[in-house]
Every structure is written in structure tokens, then in C-alpha cells.
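A.B. asks: Structure incoming, see below.
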Number of protein chains: 2
Amino acid sequence: MKEKIMAASIALFEQKGFSETSIQDIMDMLGVTKGTFYYYFKSKEELLMDIHLRYIEGLLEKQKNIMEDAAKTVKEKVFEIVYMLIHSIEKQGRQARIFFREMKHLNAEHLKKIVEKRDLFRYNLQSLIEEGMRNGELRDDLPPSIATLTVLGAANWSYQWFRPDGELSDFEVAEHMVAILLEGMEKK
Amino acid sequence: MKEKIMAASIALFEQKGFSETSIQDIMDMLGVTKGTFYYYFKSKEELLMDIHLRYIEGLLEKQKNIMEDAAKTVKEKVFEIVYMLIHSIEKQGRQARIFFREMKHLNAEHLKKIVEKRDLFRYNLQSLIEEGMRNGELRDDLPPSIATLTVLGAANWSYQWFRPDGELSDFEVAEHMVAILLEGMEKK
């Protein structure tokens with residue numbers, strides 16, 4: 001039931017917005033009582049945090065698997081992370097859009113939990129880029145923080161425009177995007 | 001007074017959110033009556049569109065000036081556009097955040113007006129990148145649409161993280177970001 005409540009809420013939050021969705025709306029969609037809701041969540045706001053937390057924890061888990069793969073180069077891992085982000089946005093588009101849009105509705109304590117996880121994702125990517133700068137795969141004349149945010153921005157922004165039914169697959173988009181980020185757009 | 005209403009609304013929309021801000025809240029902040037509001041705007045939603053429209057029209061105007069400068073190369077123009085976006089986000093951070101966050105509250109007709117202007121900004125950048133591919137400044141083995149969205153994503157995402165009081169200025173951030181996008185992060 002917890003899963004069903006989260007799935008119904010994600011659909012409603014995306015369609016109507018968080019503020020405009022009542023707990024009653026969620027219950028009406030599922031045909032159950034408010035008691036059921038409060039058995040699983042203290043409030044609508046806690047439900048929003050759970051949705052965010054599950055999304056970002058899924059990304060962190062996948063990022064960890066990529067980072068720990070000793071057989072891959074830093075550049076291959078950068079590709080894997082970009083592809084994973086675009087793929088997640090494709091598969092979990094609703095969560096992604098709610099994540100970026102409704103964050104302001106979290107209370108300070110819940111927001112802190114989310115921001116810590118988001119920061120962790122960014123720090124992990126930055127430490128990978130720093131490793132590449134040390135081992136000679138990546139140029140070392142750029143601030144690692146800006147390199148990290150440029151990669152993340154390009155990939156995350158795809159939630160605004162990537163369409164699964166478009167001309168290019170998520171894999172192809174990731175390939176071209178990482179070609180730009182690693183090799184550059186200049187004619188050599 | 002129209003300017004004052006827009007400025008007050010931007011502050012309130014950012015702080016409380018669009019849905020949670022009433023016309024009364026805006027009027028209370030300015031110490032005037034609702035009649036004054038309705039003299040300038042048909043509704044809160046029309047006010048939101050006016051805020052968005054003014055923001056995007058400002059960006060389009062600056063983009064046009066950059067694109068029409070015959071003395072600049074395509075690569076220089078790409079830099080100018082990235083710098084302009086990061087700079088606008090710094091100077092008009094509130095408008096930028098409201099723009100990305102509250103778009104869902106626009107009605108279909110108003111949203112169409114905004115989306116058309118956003119699309120125009122993207123098409124203009126894409127036509128610049130295509131020009132660079134034709135004149136030999138940029139490599140021509142990448143889809144121009146993905147190149148455009150990668151540049152826009154990297155620059156637009158800065159609304160999530162750029163801090164005017166941070167270590168790097170908006171100009172320095174733009175320089176490093178464009179170095180990545182044009183030259184790539186790989187060690188040559």
C-alpha cells in the first residue's frame with residue numbers, strides 16, 4: 001500500500017502540483033481512507049520527502065556501483081554516470097520533475113536530508129573528476145567544481161527536454177553529450 | 001506602480017511560492033487596494049506570465065545583440081551567450097528561479113506564448129552552432145540539437161548553484177564552462 005500511495009501521489013503532484021493536491025485527492029484515487037495514509041506517513045510533506053529520498057538514494061546506489069568498477073577508466077565512468085542520469089530521468093520522469101520543482105515545500109529538517117544526499121552525489125562525481133585529473137585522463141587546468149557542475153547541469157537539464165519517443169535514444173544522447181564534455185565542440 | 005507590483009510579487013512568489021501567495025498578500029506588502037492590482041493585471045496568473053515574458057524577452061534581446069555582432073566569431077558568440085545567461089541568473093536570480101519552478105501554473109494560452117519565446121532562444125543558439133559547423137569553427141559530427149541543449153543545460157543549471165559571493169565570478173565560471181564545452185575535459 002505504501003508503494004501505491006507513493007505512485008498515486010507522484011501522478012497527482014505532477015499533474016496538479018504539490019500544494020493543489022490534498023491527502024483526500026490521493027485517497028480518492030486509491031479508494032481508501034485517510035487512516036490508511038496516516039498509517040504510512042505523518043503528513044503530505046513527509047510523503048514528498050520519501051519520494052525525493054527514494055529517488056536520490058536510487059541514483060546514489062547506481063553511482064556507487066559505477067564508481068567501484070575497477071575495470072573502467074575515469075572517462076568511461078563519467079559516461080556511465082551521465083547515461084545513468086538521463087536514463088533515470090527517462091524512466092522516472094515524474095519523480096525527477098517533482099524533485100526539481102517541489103523541493104521548496106520541504107521543511108528545513110527534511111530539506112537538509114535531501115540536500116545532503118544531493119551534495120553527496122555531486123562530491124562523488126567531483127572526486128572522480130579529480131582522480132582523472134591526477135591520473136592524466138583529464139586536463140588539470142580547470143576547477144574540478146565547475147567541471148562537475150557543467151557535467152551535472154548538461155545531464156540534469158535533460159529532464160526539461162528529453163523525450164523517450166524522440167529521434168535519439170537515451171544512450172545516443174549520452175554518447176553525444178559526453179563527446180562534447182570530454183572532447184569539446186571545437187573543430188580540431 | 002506596475003513595476004512595484006511585479007517586484008513585490010517576485011519576492012513573494014520566491015519566498016512563499018505562487019500558489020501560496022494571494023493578491024491580498026501582494027497588496028498588503030505595497031499598502032494599496034486590490035483595485036490597483038486589477039488596473040494593471042487581469043489575474044495573478046497573468047501577472048506570472050508578465051514576469052516570465054519580461055525575463056525571456058530580456059534574454060532574447062541580449063542574444064540578438066550578440067548574434068548580430070559581425071566582428072565576433074561563432075565561438076566568441078557561444079561564450080557571450082553562456083556568460084549572458086549566467087550573468088542574468090546572477091542579477092535576476094529570483095525571476096530565473098520562479099521562471100523554472102512556477103511555469104506549470106500558467107494556463108495553456110499563456111504557456112504557449114512563453115514556450116514559443118523559449119524555443120526561439122534555443123533555435124537561435126542552434127542556428128549559431130550550425131553556422132560554426134558550416135564555417136569550420138565547430139566539428140560537424142555532432143547533432144546540433146544535442147550540442148545546443150548541452151550548452152543551454154550547463155548554463156541554465158547554474159541557477160541551482162551559482163552564488164555571486166562564491167570564489168569565482170560569473171565571468172570566470174563562464175570562461176571555464178565554455179573551455180569545457182569547446183575544448184573538452186580530456187587531456188590532449
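A.B. asks: Kindly indicate the residue of segment B:141-162 that is without any contact (Cβ under 8 Å) to a residue 12 or more places away in the chain and in contact with an Asp or Glu (Cβ under 9 Å, 6 or more places away or on another chain) and also farthest from residue B:63 (Cα to Cα) among those meeting that condition. Please lay out each step first, then the result.
C.D. replies: Taking segment B:141-162 as the starting set, the residues that turn out to be without any contact (Cβ under 8 Å) to a residue 12 or more places away in the chain are B:141-143, B:146, B:153, B:157, B:160-161.
After this cut, where a residue has to be in contact with an Asp or Glu (Cβ under 9 Å, 6 or more places away or on another chain) as well, the list is B:143, B:146.
Values: B:143: 22, B:146: 19 Å.
Per the criteria, the residue is B:143.
A.B. asks: Just to be sure, is residue B:139 of a type in the set (Lys, Arg) and under 16 Å from the mean Cα position of the chain (by Cα)?
C.D. replies: no
A.B. asks: Restricting segment A:133-180 to residues that are aliphatic (A, V, I, L, M) and in contact with a His (Cβ under 7 Å, 6 or more places away or on another chain), which is nearest to residue A:101 (Cα to Cα)?
C.D. replies: A:146
A.B. asks: Just to be sure, is residue B:100 in a loop (DSSP other than H, G, I, E, B), modelled with pLDDT under 95 and among the aromatic types (Phe, Trp, Tyr)?
C.D. replies: Taking the combined requirement at face value, the residue does not satisfy it.
A.B. asks: So, residue A:6, is that one in a helix (DSSP H, G or I), more than 18 Å from residue A:110 (Cβ to Cβ) and either touching a helix residue (DSSP H, G or I) at 6+ places or on another chain (Cβ under 8 Å) or in contact (Cβ under 8 Å) with a residue 24 or more places away in the chain (or both) or not? Show your work before the answer.
C.D. replies: On the way: in a helix (DSSP H, G or I): yes; more than 18 Å from residue A:110 (Cβ to Cβ): no; either touching a helix residue (DSSP H, G or I) at 6+ places or on another chain (Cβ under 8 Å) or in contact (Cβ under 8 Å) with a residue 24 or more places away in the chain (or both): yes.
For residue A:6, the condition - in a helix (DSSP H, G or I), more than 18 Å from residue A:110 (Cβ to Cβ) and either touching a helix residue (DSSP H, G or I) at 6+ places or on another chain (Cβ under 8 Å) or in contact (Cβ under 8 Å) with a residue 24 or more places away in the chain (or both) - is not met.
A.B. asks: Would you check which residues across segment B:49-91 are in a helix (DSSP H, G or I) and hydroxyl-bearing (Ser, Thr, Tyr) and list them?
C.D. replies: Listed by number, the residues that qualify are B:55, B:83, B:88.
A.B. asks: Select from segment A:133-150 the residues that are more than 8 Å from every other protein chain (Cβ to nearest Cβ), in a helix (DSSP H, G or I) and touching a helix residue (DSSP H, G or I) at 6+ places or on another chain (Cβ under 8 Å) and list them in ascending order.
C.D. replies: Answer for segment A:133-150, where residues must be more than 8 Å from every other protein chain (Cβ to nearest Cβ), in a helix (DSSP H, G or I) and touching a helix residue (DSSP H, G or I) at 6+ places or on another chain (Cβ under 8 Å): A:133, A:144, A:145, A:148.
A.B. asks: Being within 12 Å of chain B (Cβ to nearest Cβ) and either of a type in the set (S, T, N, Q) or surrounded by 15 or more Cβ atoms within 10 Å (Cβ to Cβ) (or both) is the filter here; which residues of segment A:107-121 pass it?
C.D. replies: A:118
A.B. asks: Any residue in segment A:69-97 that's more than 16 Å from residue A:182 (Cα to Cα): show its pairings with residues that are of a type in the set (Lys, Arg) at Cβ separation under 6 Å, as long as the two are six or more apart or on different chains.
C.D. replies: A:84/A:62
A.B. asks: Just to be sure I understand the filter: pairs with C-beta atoms under 8 Å, separated by 6 or more residues or on different chains, first member in segment A:169-188 and touching a residue at least 24 places away in the same chain (Cβ under 8 Å) and within 7 Å of chain B (Cβ to nearest Cβ), second member among the acidic types (Asp, Glu) and not in a helix (DSSP H, G or I). Which pairs pass?
C.D. replies: A:182/B:186
A.B. asks: So residue B:19 clears everything in (1) outside any helix (DSSP H, G or I); (2) without any contact (Cβ under 8 Å) to a residue 24 or more places away in the chain; (3) hydroxyl-bearing (Ser, Thr, Tyr) except one condition, right? Which one?
C.D. replies: (2)
A.B. asks: Is it the case that some residue within segment B:114-127 is among the β-branched types (Val, Ile, Thr) and at pLDDT below 95?
C.D. replies: Within segment B:114-127, one or more residues are among the β-branched types (Val, Ile, Thr) and at pLDDT below 95.
A.B. asks: Considering segment A:115-134 alone, what residues qualify as being more than 13 Å from residue B:185 (Cβ to Cβ) and either among the small types (Gly, Ala, Ser) or touching a residue at least 60 places away in the same chain (Cβ under 8 Å) (or both)?
C.D. replies: A:117, A:118, A:120, A:121, A:124, A:127
A.B. asks: Using the structure shown, decide if residue B:72 is within 18 Å of residue B:155 (Cβ to Cβ), surrounded by 15 or more Cβ atoms within 10 Å (Cβ to Cβ) and of a type in the set (D, E, K, R).
C.D. replies: Considered against the rule, which asks whether it is within 18 Å of residue B:155 (Cβ to Cβ), surrounded by 15 or more Cβ atoms within 10 Å (Cβ to Cβ) and of a type in the set (D, E, K, R), residue B:72 comes out as no.
A.B. asks: Specify the residue that is farthest from the chain's Cα centre (by Cα); the eligible residues are those in segment B:151-167 that are surrounded by fewer than 22 Cβ atoms within 10 Å (Cβ to Cβ) and more than 7 Å from chain A (Cβ to nearest Cβ).
C.D. replies: Out of the qualifying residues, it is B:167.
A.B. asks: Same structure, new question: Tell me which residues, restricted to segment A:26-48, are outside any helix (DSSP H, G or I) and in contact with a Leu (Cβ under 9 Å, 6 or more places away or on another chain).
C.D. replies: Within segment A:26-48, just A:41 meets the criteria.
The values are calculated or read from the model by the stated rules, or taken from the named source; none is laboratory data. Please read all numbers here as calculations on a predicted model, not as lab measurements. Methodologically, a virtual Cβ is constructed for each residue, glycine included, from the backbone with ideal geometry; neighbour enumeration extends over all protein chains shown.
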